[in-house]
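Report on the following structure.
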Amino acid sequence: MFIDGIGASTKYTAASTINLERYFVSMSNKSFSKRSKPKSYRPPGGMKRELVKRDMSGDDRESMVGGRIIDEPVFAENRHEKTIDKAENEAYGESPVTKAETPSPKTKQKNKKESKGIGSALKKAASKVIDKVKKFVGVKEPSDKEIIINAESLETRVAVVEKGKLEEFTIERTNEERIVASIYKGKVRNLENRLEAAFVDIGIEKNAFLHYWDITPINLDGRYEVVERKKKSREKPRSISRKDIPKKYPVGSNIVIQVTKGPIGTKGPRVTTHLAIPGRYVVILPNTEQCGISKKIEDRQERARLRNIIRDLDIPDNMGIIIRTAGEGQKARYFVRDLAMLVKEWNRVKNRLDKEPAPACIFREPDLIERTVRDFLTDDVGKIIIDDAKAHERVQELVGGISKRSKDKVQLHREAKPIFDQHNITRQLETTFSRKVYLKSGGCIIIDETEALVAIDVNTGGHKGGKDQSSTILKVNIEAADEICRQLRLRNIGGLIVLDFIDMKSGRDRQEVYRRVRDGLRRDKAKTHILPISQLGLMEMTRQRHSESVQSTVYDDCTNCAGRGRIKSAITMSVEIQRKLDELLKRRKSDEMEDFQLRLVVNPMVLDRLRKEDEDLIINMEKKYLVKISFRADPELHAEQFKIYNGVTDKEMLSEGEREDAN
C-alpha cells in the first residue's frame, strides 16, 4: 500500500522525501536472517584445507568510475599490455618494471560476483526509489562540488573541490603542445621486428613508439557493453596481422595515429592506430563498427533505452560509437546532435589528412578549459568559478551549448585575493608537493618516488591509541588509505606503487583496508590494478598515467644535489681533499721538492671546516711534505667541487666534482 501511494500522490514535499529515505534506510539495516544459534561455516567445495584464490583485479578494472576517454581506454589493452611495456622499455634502454602479478585466472569463476546480501540489495533498491521520487517531486539537494579555474597567461589550473576538500587537480602550460589524444599523420622512420614495434615521426623531438599490437584490430574494453547495430557496412576492411605490418607500413610510409601516452622521461610518446574522438555524451570510433555503452550505467531499463538509441542513430559506415556515462538519462536528440558534431569534426580531420604532408597534427585535443567543461560538468556540480573575464565568457558559451540552465552555475571571481587562496586550495596544494602528509588522527604518510617504484609508508606519528591497539591501527590505516588514493590523483603518480601500512594481525582488518583502497581508486580516471595485502604487510598496485606527474611539471631537479635531496657533508669533502693532496704530494718530482706551493679553491662551507676543525691536520701535512698550502673560497663552486693549483705557476693541477647537471 505504501508503494502504491508513491505513484498516486502528486503533492510530495521535501519532508515526505526525507521520511521515505529514513524508512528505507531503517529497513535496509535490519537483519532478516534467523540466527537462533551459531552455525559452522562450510566453504564452497567442501571442508578442504586448500584455499580458493580469487582474482580481485578483474572486477576492480571493470568497476572504476568516471573520467576522460583517453584516461579510460576505449579498446581492450590488458591482454598485451605487458608485452608492449617490455618492448617499450627495451627500445629506450630502460630496465623492465616488474608489475604486480595477477593471481591465476584459472581459479576464478567467470562472471561470478560477490554476494552482497539482502541488506545491501534493499539499500540499493531503496536509493533508486528515493532518487526517482526526488526527481518526480523536483527536490534538488544543494551541491558541495565546485570547479575552480585559475586562467593565467602562462598556465591554467583547474581544481575540483568537494565540501571544501581538493579532490582533483590539473595544470596545463599554455606554451606546451597538447600531445595526448591528438591525432597525427606520421611517417614511419624505423621498424624493429625484434621488438615488434615501429618508430613514427610525428613532428616532435622524439619519435613515437607504435607496437604492432596497437595496429592490429582489437575489441572494445571490458568497461563497455557491446551493442549490435541494425545495419552493417557491406565492405569490411581487410584485417591485418602482425606479419603483414612490415609490408603494409614500410619505412617512409605514412600512417594515421593517435597519442595515448605523452613523453615521460627519456621515452617518446606512445601511439595507436585505434582512433577515438570524444564528445560530451558520445565517443566516435573511426575505422571500426563496434558500438558500446559504458557499464557504469547500471540501470537495466536505461541501458535498454540507450541500446535502442544506438540502433536508431545514423552512424556512418566503418564507424562505431560508445555512449559515455554522462549520457545516462539524456534525451535522444542530444546524442543525435553530439554525433553530428563529431562526424563533422572527423570529416575535417580527413580533409586535413589529404592535404597536409607528413608529419603533421590533423586533430588537436581541446585545451584544459574545454576538456573540463566536457568531462567534469555534471549535474552534481554546483558552481564553476573562474578568475579571468575572457575565460568566463568562453566557459559560459561552452556550458550554454550543453545546458542553458547550467549557465547560471558559471561565476566570475572578482575579489582581489587570488582565487586559489580564496577557496583554500593553495594550502591544500602544499601537501601535494610535500614528502610527508599528515593525517587528522595524528598519523602521517611518507611518499618517496624512485626510478623503479613509488614507496608509500604509513606511520602512526603522534597518534596515541588507547587500550585497544588493533582498533587504533585500523583507524589510522583506513584514514591513510583514503588519503593515499587522493594523493595518487592529485600528484598523478604512475608505475609500480608499494604501500606499507601499519602491521595488522587480523586478516579481517587487512581485508577492510584493502577494500577501502579499492573503493577509493574507483573514482580515479587513470587505470589501476591492486592486489591484497601480502603476508609481509605490503600492498602492491600499479597506476597508469598518460603524462608527467604534477611534481615533474612544476619542479626541476635541484642543481646542487641533481635531484638526490642530499649533498656530501663538509667533513666528507675535507677527507677527500686531504686524500687528493696526499696523492699529489707523493707523486711530486724530485726537482719540485723545494719551494713547493699549492693553492686550493673550495666552497666556503668546506673552507670553514678546513680552517677550524681540520686546521691541525693541514699543518701536519705541510710539515710532513715540506709544502705550503693556501686556501681560497669561491661561492660559485659547488659544495662537492674543488680545484688545486700550483701556487707558483698558477697552473691547474686537479679539478674534482665537475657537475654536468649544473650546467
Note to self: Looking at Asp482 and the list (1) among the charged types (D, E, K, R); (2) touching a Lys or Arg at 6+ places or on another chain (Cβ under 8 Å); (3) over 30 Å from Thr260 (Cα atoms), which single condition is not satisfied?
What the structure shows: (3)
Item checked: Given (1) among the acidic types (Asp, Glu); (2) open to solvent by less than 30 Å² (accessible area, probe 1.4 Å); (3) under 30 Å from Gly647 (Cβ atoms), index of the condition Asp595 fails -> (2)
Notebook entry, point to check: Of everything in the range 488-508 that's aliphatic (A, V, I, L, M) and part of a helix (DSSP H, G or I), which residue is nearest to Val454 (Cα to Cα)?
Noted result: Leu488
Next item on the list: Among the numbered conditions (1) open to solvent by less than 40 Å² (accessible area, probe 1.4 Å); (2) at pLDDT below 90, tell me where Arg242 comes up short.
Entry: (1)
Item checked: Qualifying position, being modelled with pLDDT under 90, farther than 17 Å from Tyr334 by Cα, over 25 Å from the mean Cα position of the chain (by Cα) and surrounded by fewer than 21 Cβ atoms within 10 Å (Cβ to Cβ), among Gln301, Gln290 -> Gln290
Next item on the list: Please identify the pairs in which a residue from the range 634-647 that is under 13 Å from Val606 (Cβ atoms) has its Cβ atom under 6 Å from the Cβ atom of a residue that is surrounded by fewer than 19 Cβ atoms within 10 Å (Cβ to Cβ) and acidic (Asp, Glu), counting only partners at least 6 apart or on another chain.
Entry: Phe642/Glu656
Check: within 27 Å of Asp375 (Cα to Cα) and either open to solvent by 40 Å² or more (accessible area, probe 1.4 Å) or touching a His at 6+ places or on another chain (Cβ under 7 Å) (or both): does that describe Ser552?
Finding: yes
Next item on the list: Please work out which one of (1) more than 40 Å from the chain's Cα centre (by Cα); (2) surrounded by 14 or more Cβ atoms within 10 Å (Cβ to Cβ); (3) of a type in the set (A, V, I, L, M, F, W, C) is the condition Ile571 fails and give its number.
Entry: (2)
Notebook entry, point to check: How many residues does the range 312-335 hold that are open to solvent by 80 Å² or more (accessible area, probe 1.4 Å) and part of a helix (DSSP H, G or I)?
Noted result: 2
Margin query: I'm checking my understanding of the structure. Among residues of the range 337-357 that are open to solvent by less than 80 Å² (accessible area, probe 1.4 Å) and out of contact with any Phe, Trp or Tyr (no Cβ under 8 Å at 6 or more places or on another chain), which one is farthest from Leu313 (Cα to Cα)?
Written below: Glu356
Next item on the list: Hey, can you tell me all the residues within the range 499-522 that are in contact with a Gly (Cβ under 9 Å, 6 or more places away or on another chain) and under 24 Å from Lys82 (Cα atoms)?
Entry: Arg522
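The values are calculated or read from the model by the stated rules, or taken from the named source; none is laboratory data. Here the structure is a predicted model, which means the values were calculated and not measured. Please note: Cβ atoms are built from the backbone with ideal geometry, for glycine as well, and neighbour counts cover all protein chains shown. To get the accessible areas, we keep the full protein, side chains included, count just its heavy atoms, and leave off ligands, DNA and RNA. Shrake-Rupley method; radii C 1.70, N 1.55, O 1.52, S 1.80 Å.
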